[in-house]
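What follows is one structure encoded as structure tokens, with my remarks underneath.
The numbers here are math on the coordinates, done by the rules we state, and not lab data. All values derive from a computational prediction rather than experimental measurement. Neighbour counts are summed over all protein chains in view; Cβ atoms, including those assigned to glycine, are modelled from backbone coordinates with ideal geometry.
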Amino acid sequence: MAFCARKTQPWPDLCSWSGCGACTECFPRPPPLPPASPLPLPPPTPALTAGCGNSISSGATLYCADDPHLFNDFEPGKGCVELCEQTPACMFVSLWNVFDWSAPLKNGINLDVATPSSGVWFKWQYDKSQMQAIAEAGFESVRIFMPFSSKMEEKQKQIEDALDAGLSIVVCMWGEWGWSWNVTKGVCEISNGRRNRGEGWGALARAWKGFSKRLVFEVLNEPKGIGFPTTNTGNANAMRLCNAAVQAIRSADPDRPILVGSPGLNDAEFLEYVTAQFLPYTFGSGGSFYNDPNVGVAFHFYEPRHPSIVPGLPTAQQTTFAMWDGDLVLDGPETEWRDGLKVWQAPIKLQFDFVDAWRKRSGHGDIPVVTTEWGCWMFESRSKGGDLRVWLNYTHGLFAKHDVGQMWYVGVMSNQYAYTIFDSETGWDATVLPKLTGKQPPTSWPHINQVLNGEFLSHSSDVTKDLHSPTSSPHISRRLSAFPLNAALGAYY
């Protein structure tokens, strides 16, 4: 995906790029919705004010605690006219005393490891000690992946371990490739699951309803990664799946915190699709995207990189810092861009411009927005060099300035992965961790098993079959050579 050269602001018409010097498809953005009227929040007061029955007044808005959404169901002279019908003597809680589920997501990290049934890649096998290490490092939240084919009990174990460690946890679903070319099937399966294959969000919401609001559902990771094109139709179809997932969750659990990502690779430029127009779900007595207090928005970015998202940026001035080993190039006339920005800063700042523009257009300035993935390649010379500190200071400062949550990708995965900031032998990165958590790296940490991925625990895997094949030796040698010696030995012997 790239832009036409004429695109100079966050919200002009989008274009898909053929790679041959021409835009192959240009389409207008979805028409804007009228701004929602924000509900007034109460001033912080220690006392609770009597209202309907045993209810509580919260500023100018009264609502019932038996279904504590911010619906304006209080009418002068009538009291709570809708939500209190089944429980007339309801009790209200001041909004200022309600747990802010999104606050821990401002200090979070990704845990991307394998389980026996899913996640096979160059990843460690999951162990509770990984959650302990994350909590001891000063993080308040953790994000894990849940491939559609995952076993519920394996993910529930991770949820319980995170909560036991005092962490909030975001569970993000990896979809199926087939959903992009059979959207009707995708809508059904992400909601209801598939027999002998995976659980949908409806079943998961019912099974996990008893967990606190520290459990957050992120309904779909990076639709482009499972085949949804970043065209108007492709983005709209991806949002159909997101809406179906949210509807299934809300039908089972009206209060579960949910994050909805934008289309593409959860790109900020596609936040314009995260509106009630593409999320028409309903729940309760008039609940919707615009008055759901437990929904937030997620996006990802890895910047600066090549090719740059910034229109008109000369190729010679672009850098591969975030997704390769390029330098920032901090000094010199060629480093200056526009509006006082350096060339390397421009694509980072643009992400937050997209967020601000989305908030302004949607009238939804108070909804939580969280970057559930961001980061850069990590290696020894970078960690000890000056570029990383400059990049960290600038990027992390924008999260606070624009009130956007952040979860670094990735914390714990393996000792070999390029983005990880935790090494089981040397601990947490001494440059990145203090910026993220405000704490110095611990001098000790839990023992972490270095065995790579769950493929080795499956008797039906290709590796296991190869080991039992009389002609497998050359193949095994190639497989072993692809892994570090300690991991290979631990896996095969």
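Taking amide H as placed 1.01 Å from N in the peptide plane, ILE109 has its amide H under 5 Å from the amide H of SER141, VAL142, ARG143, TRP408, each at least 5 places away in sequence or on another chain. Applying 0.36 nm per residue to the separation of GLU380 and ALA207 and subtracting their alpha-carbon distance, the gain on full extension is 57.9 nm. With r as the distance between the Cβ atoms of ASP423 and SER117 and R0 = 30 Å, compute the FRET efficiency 1/(1 + (r/R0)^6) and round to 0.05. Using R0 = 30 Å, I get an efficiency of 0.65.
Bridging of LYS224 to lysines at a Cα separation below 20 Å is possible for LYS185, once same-chain residues fewer than 8 apart are set aside. The amide H of LEU259, built 1.01 Å from its N in the peptide plane, has PHE217, GLU218, VAL219, GLY296 as neighbours under 5 Å, considering only residues 5 or more places off or on other chains.
For VAL412, the amide hydrogen comes within under 5 Å of the amide hydrogens of ASP112, counting only partners 5 or more places away or on other chains and with H modelled in the peptide plane. Using 0.36 nm per residue and subtracting the Cα-Cα separation, the extra length available between LYS128 and SER285 on full extension is 52.5 nm. Residues of the stretch 262-283 with an amide N closer than 12 Å to a point placed 7 Å from the Cα of ALA236 along the Cα-to-Cβ direction: 278. In terms of distances greater than 24 angstrom between alpha carbons, the cross-link table entries LYS128/LYS401; LYS106/LYS435; LYS123/LYS155; LYS157/LYS209 yield LYS128/LYS401. Peptides 339-346, 236-243 ordered by packing proxy, namely the average of other Cβ atoms within 10 Å per residue, highest first: 236-243, 339-346. The modelled label-to-label distance for the pair HIS306/GLU160, using points 7 Å beyond Cα in the direction of Cβ, is 5.0 nm. Net length available on complete extension from GLU153 to TYR394 is 82.7 nm, with 0.36 nm assigned per residue and the Cα-Cα distance removed.
Rounded to the nearest 0.05, what FRET efficiency do HIS447 and ASP366 give with R0 = 35 Å and r taken as the Cβ-Cβ distance? Could you check? Computed FRET efficiency for HIS447 and ASP366 comes out at 0.20.
Judged by the mean number of other Cβ atoms found within 10 Å, the most tightly packed of the peptides 305-316, 251-262, 399-410 leads the ranking 251-262, 399-410, 305-316. Taking θ as phi - 60° and the Karplus parameters 6.51, -1.76 and 1.60, the scalar couplings of the stretch 418-427 work out to 5, 8, 6, 10, 10, 10, 5, 9, 10, x Hz in sequence order, x denoting glycine and proline.
Relative intensity of the stretch 373-441 on a log10 scale, I(q)/I(0) at q = 0.18 Å⁻¹, equals -0.67, per a Debye sum over C-alpha point scatterers of equal strength in the absence of solvent.
Put simply, the stretch 98-454 fits an ellipsoid with semi-axes of 31, 26, 19 Å; these come from the alpha carbon gyration tensor as the roots of five times its eigenvalues, largest first.
Summary value for the stretch 98-454: 22 percent relative contact order, contacts being C-alpha pairs under 8 angstrom separated by 6+ residues.
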